[in-house]
Structure formats: structure tokens, C-alpha cells
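Here is the structure we will look at.
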Amino acid sequence: MNLKLEVFSVPGCDNCAQAKKALKSVVEELDAGVEWRDVNILDEMDYAVELGIVTSAAIAIDGELVFPKLPTADRLRAELVRRLRRES
Amino acid sequence: MLTIGKVAARANVSADTLRYYEEGGLLAPAGKSPAGYRLYGDDAVRRVQFIKHAQQCGFVLAEIREMLSFKARADACCHDIRALAVEKKLELERRIKVMKAMSQALEDLIAICNDEAKPIDDCPILTALETSLGAHSQGQRKTLLGKRRTRQA
């Protein structure tokens, strides 16, 4: 079963872009049915508020705010592996 | 150099407001007169106006202090301020959502009360509020009922 990973940020943030690149490589390495979606907070403010996002870079998995701030690559990998095992 | 009264008049705030900003670490006098009165530099008025505008956008003093500290940092960039603005907007939108829900709840309560002449014990608004209170605590419900009876007596 696929996991839906939504990465909330605002365009123009170089630090976020670099951090997201590292996180995206985690998803690509896993190659295990994780769907990545970039979400522009300014375009989807209502959705971000609904999920409880309070900072300008955060990650939701399957519609649940899991990382209120961008995690390290290791933390994201561990969370995805845990969820994928649970789903299988 | 400007006295506190002159800065206050030019920025259209009270002297107390300037002292409050000083306590919050947002505005420091450049020095003191021989008599011990605060004296401010020419940039003070501009700084006070910055603080006022930021407050009008919903920023609290601690956040404004953070913004001002970014201005003094060589490694800070526009993105840092934009991130603060986005986060403030997220907070405001969340509060608006909560307040809309509260407003809707009140609208629902007002709608169920169609007879203002009913005795207080039959008031549908109080009954509806007690019902939801009862889910939390039977004891609280009893307390509320007791208060109503006392008011009637």
C-alpha cells in the first residue's frame, strides 16, 4: 500500500529546498510506494491549517501532521520504514 | 537627540508605550540627559512605527524583537522574515477557523431558542449547554443547575 507524503513549504526558501532534496532522496532510495507531493503553503493555506501546521516547512503522512518541522533524513527514513512495515 | 515626549508625539504613541517597548527589549534610549531623562536618536520614531505596523499585522512583541534581531544579523535574509510572516498567517488562519466554529456554535444555539418567554429552566440554550457539559462532568451540571435555581429564588 502506498504512503502519501506531503511536504509543506513556501517557494523561495533555499534552506528548505536543500533539506527537501535530501529527504526526497530517502524516498527514492526506499523505492517502496511512497508518493511525494510538494505543497505550497500559500496555495493551500486552509489545508495546512486543517492539519495543524504552524511552521513554514513541515511533513504530513497520509493526511496526518507527523513532522511539524523538517526532520533529518534518518528520522524520515525510520518513520517511513515503520509505517511501511505496519502496512505490509 | 529627542526626549521621550517628542518621540511619543512624532510616533503618535504614549510615553508609557515607549517605556513598555523598552521593557520588552524593543527600543532603548541612546542615552540620558544630565537630569536623568531618556534621550533617543533620530531613528527611534522610525523604529516605533515599525513596531506599530508589525503589531497591526498580529505580531507580538517577542516576534517583533526577533524580526528586529534579524535586521542586525549579517547572515539573515529576506526569507527569514517571510517565514515569520507565513507562520503568523498560519496562526491567524487557525484562530479565524476556531472563531468561526465558535460563531457557528452560537448561531446554532440562537436558532434553537424560538420562544424567549419560556421559564429559565426550559431555556433550550442552557439545556443544550448543560447537555454538552454533562458529557464532561455530571458534577459541573449539578453546579450549574444549582446556580440557576439560586438566581430564580
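Results, tabulated for the structure shown:
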| read-out | value |
| --- | --- |
| For the protein assembly as shown, calculated [θ]222 nm from helices alone, where every DSSP H run of n ≥ 4 adds -39500 (n - 2.57) | -19500 deg cm²/dmol |
| Solution diffusion estimate, µm²/s, Stokes-Einstein, the protein assembly as shown, Kirkwood Rh from C-alpha pairs, 37 °C, viscosity 0.692 mPa s | 142 |
| Straight-distance crosslink candidates among aspartates and glutamates, where the alpha carbon sits under 17 Å from B:Lys88 and sequence neighbours closer than 8 are dropped | A:Asp43, A:Glu44, A:Asp46, A:Glu50, B:Glu63, B:Glu66, B:Asp80 |
| Cα centroid separation - segment B:14-90 against segment A:1-53, whole Å | 34 |
| Most mobile listed residue (B:Asp42, B:Asp122, B:Asp108) in chain B, GNM with C-alpha springs under 10 Å | B:Asp122 |
| Shielding by partners - mean other protein chain Cβ count within 10 Å, residues of B:71-81 | 1 |
| GNM result for chain B, Cα springs below 10 Å: residue of B:Arg46, B:Arg94, B:Arg73 fluctuating most strongly | B:Arg73 |
| Average Cα contact separation per residue, chain A, under 8 Å, 6 or more apart, as relative contact order % | 39 |
| Selected from B:Glu23, B:Glu130, B:Glu66 as most flexible by GNM, with chain B as the system and alpha-carbon contacts under 10 Å | B:Glu130 |
| Sequence-separation-based contact order of segment B:2-58, relative, with Cα cut under 8 Å and 6+ spacing, percent | 37 |
| Average beta-carbon neighbours from other chains, 10 Å sphere, peptide A:54-62 | 2 |
| Mean separation of Cα contacts under 8 Å (6+ apart) over length of chain B, as relative contact order % | 14 |
| DSSP-defined beta bridges in the protein assembly as shown - what % are antiparallel, rounded to 5 | 65 |
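Every number here is computed from the coordinates shown, using simple stated rules; none is lab data. All figures in this text were calculated on a predicted structure; none of them were measured in a lab. So basically every Cβ, Gly included, is an ideal-geometry build from the backbone, and we count neighbours across all protein chains shown.
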